[in-house]
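Before anything else, here's the structure in question.
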Amino acid sequence: MTIPYGRQSISDEDIEAVVGVLKGDWLTQGPAIEAFERSVAEYCEAEHAVAFNSGTATLHAAAEAGGIGPNSLLVTSPLTFMASVNAGRYLGANVELVDIESATLNLDLSLVPDNADALVPVHFAGLPVDLASMANPPALIIEDAAHALGAQTPDGPVGNCANSDACSFSFHPVKPITSAEGGIVTTNNAELAERMRAFRTHGIERRPDKGGWYYEIVREGFNYRLSDLHAALGMSQMAKLDRFIARRNEIAERYRAELGDAPLILPPAAPDGFVHGYHLFAVQVPERDRVFAALREADIWVQVHYVPVHHHPVSKDIPQTAADLPNCETAYSGLISLPMFPDLTNDDQTTVIETLKSLL
Ligand SMILES: *Cc1c(COP(=O)(O)O)cnc(C)c1O
């Protein structure tokens, strides 16, 4: 049987939660949305949480609410999913990629230019970027924490926005918890939260002063709503988040112990005071393409995260090239994400470890 690199973990309670919504009055924008938002805000120790129908939509909304537009410069990592870049691109902003640090695979904060209007730090694989260490932070920081719900920094949980304006999460099935599709953005800024709520629903403002039926569309908005079905699943998953993260850390410790002597580079561990989310366990191996093909041949469905942003044809609008991003290029040439998800069995992990070792 195929062993995937990531997979959701769905229980009977999750299924009952979704069925409960189907039997109720609200299929969208009902009480499950508010409950899910509250649950994530409380977990993250943030004042506000706004749910969207994808993580990508949360990044778009946060950048729009933060004032990013055609003359803005948005800076992010080249080792990420395109959604981090599209937060700026959708708004006509200029995007600049800064190289990663080899030691953390996260973007190198010391390379962020002084004229950046917005920074989108990506907590790669679930290891938080150390934002508290940043000397001259730009005016707007939107954390791309798609990998990092449940991770911790010395300042508290990722999502508390201790060193950012907003923090974006994704609930795609392979992410720390899932709502099938969906995302939430947390913030401590009430104005940002309100603007993102309007952006989610067509830019609508209710005007009861002009009649109970009256509303105005004050800005261009989108239909970025999450349904209550999705929110009920996400809400039910929140109860298991800490267990999921503990299990991911346990799997990581075993990989570290048993692959420590193999000729590969292990992923960066969490420094003191941090808890790693371990969305991914991304090793770097020599002859990656051969090893990748052989693992797939053995029914171990590894993946590579990521084809760097600047390698994609759509990124011809970004000035940085491979020559500007040497650490990213080096990492990319060796990266393979090994199976990492809470329901990975010990036997399957043994198969992965033994197969990988035999190939190196
Ligand atoms: C998953 C992911 C997103 C958002 O993804 P959605 O599929 O839109 O929820 C954004 N950034 C990164 C780094 C991701 O891995």
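Which one, ALA193, HIS312, LEU22, projects farthest toward the positive side of the charge dipole computed for the chain from Cβ point charges (K/R +1, D/E -1)?
In the chain, that residue is LEU22.
A further question follows. Sequence-distant or interchain residues sharing an amide H contact under 5 Å with GLU143, placed H: which?
Hits under the 5 Å cutoff: ASP165, ALA166, CYS167, SER168.
If each residue of separation counts as 0.36 nm, what is the full-extension length gain between SER11 and LYS316 once their alpha-carbon separation is subtracted? Intermediate results must be reported in sequence, preceding the final value.
Details: separation 305, 0.36 × 305 = 109.80 nm, distance 4.37 nm.
Length gained, SER11 through LYS316: 105.4 nm.
First compute the accessible area of the chain with a 1.4 Å probe, then give the percent of it belonging to carbon and sulfur atoms.
Carbon with sulfur: 51 percent of the solvent-accessible area.
Okay, next question. Using Stokes-Einstein with the Kirkwood hydrodynamic radius over Cα pairs, what translational diffusion coefficient do you get for the stretch 27-119 at 10 °C and a viscosity of 1.306 mPa s, in µm²/s rounded to a whole number?
It diffuses with D of about 107 µm²/s by this estimate.
Probe of 1.4 angstrom, ligands and nucleic acids ignored: what's the accessible area per residue over the chain, in square angstrom?
Per-residue value: 43 Å².
Sort largest first and round to whole Å: the equivalent ellipsoid semi-axes of the stretch 185-275, each the square root of five times a Cα gyration tensor eigenvalue.
Each semi-axis is √(5λ); the values are 46, 16, 12 Å.
May I ask what percent, to the nearest 5, of DSSP beta bridges between residues of the chain are antiparallel?
Around 60 percent antiparallel, to the nearest 5.
So, one more: Scan the chain and note any complete DSSP helix (H) whose C-alpha atoms cover at least 18 Å along its axis and whose Kyte-Doolittle average is -0.5 or more.
Details: long enough: 31-44 (20 Å, 0.05); 241-259 (27 Å, -0.87); 346-359 (20 Å, -0.57).
Taking the DSSP H segments of the chain (at least 18 Å long, mean hydropathy at least -0.5), we get 31-44.
How much length is gained on full extension from VAL19 to THR345, taking 0.36 nm per residue of separation minus their Cα-Cα distance?
Gain on stretching VAL19 to THR345: 114.5 nm.
I need the GluC sites (Glu not before Pro) found in the stretch 219-293, filtered to DSSP loop residues with at most 11 other beta carbons within 10 Å of theirs. Intermediate values should be presented prior to the final figure.
Working: sites: GLU220, GLU250, GLU253, GLU258, GLU287; in loops: GLU220, GLU287.
Within the stretch 219-293, the qualifying GluC sites (Glu not before Pro) (loop, at most 11 other Cβ atoms within 10 Å) are GLU220.
Okay, next question. For the chain, what is the mean residue ellipticity at 222 nm derived from helices alone (per DSSP H run of n ≥ 4: -39500 (n - 2.57); sum divided by total residues; nearest 500 deg cm²/dmol)?
Calculated mean residue ellipticity at 222 nm is -10000 deg cm²/dmol.
Sequence neighbours fewer than 8 away in the same chain don't count; with that in mind, list the lysines whose C-alpha is under 30 Å from LYS23.
Cα-Cα hits under 30 Å: LYS175, LYS240.
With only alpha-carbon atoms in the gyration tensor, what are the semi-axes of the equivalent ellipsoid for the stretch 246-360, in Å, largest first?
So the three semi-axes of the stretch 246-360 are 26, 18, 13 Å.
Turning to a different aspect of this structure: Among the aspartates and glutamates, select those whose C-alpha is under 15 Å from the C-alpha of LYS316, and discard any that sit fewer than 8 residues away in the same chain.
Output for LYS316: GLU96, ASP324.
More than 34 Å apart: what percent of Cα pairs in the chain qualify?
26
Hand me the chymotrypsin sites (Phe, Trp or Tyr not before Pro) from the stretch 190-246 located in a DSSP loop with no more than 11 other Cβ atoms within 10 Å, in residue order please.
Answer in residue order: TRP213, TYR214.
Now for a different question. Dividing the Cα radius of gyration by the Kirkwood radius, what Rg/Rh value follows for the stretch 274-327?
Result for the stretch 274-327 is an Rg/Rh of 1.06.
The values are calculated or read from the model by the stated rules, or taken from the named source; none is laboratory data. Every value quoted in this text rests on a predicted model; they were computed, and no experiment measured them. Here Cβ is always computed from backbone atoms with ideal geometry, including for glycine, and neighbour counts include all displayed protein chains. Note: accessible area is taken over every heavy atom of the protein model, side chains too, but ligands, DNA and RNA are not part of it. Shrake-Rupley method; radii C 1.70, N 1.55, O 1.52, S 1.80 Å.
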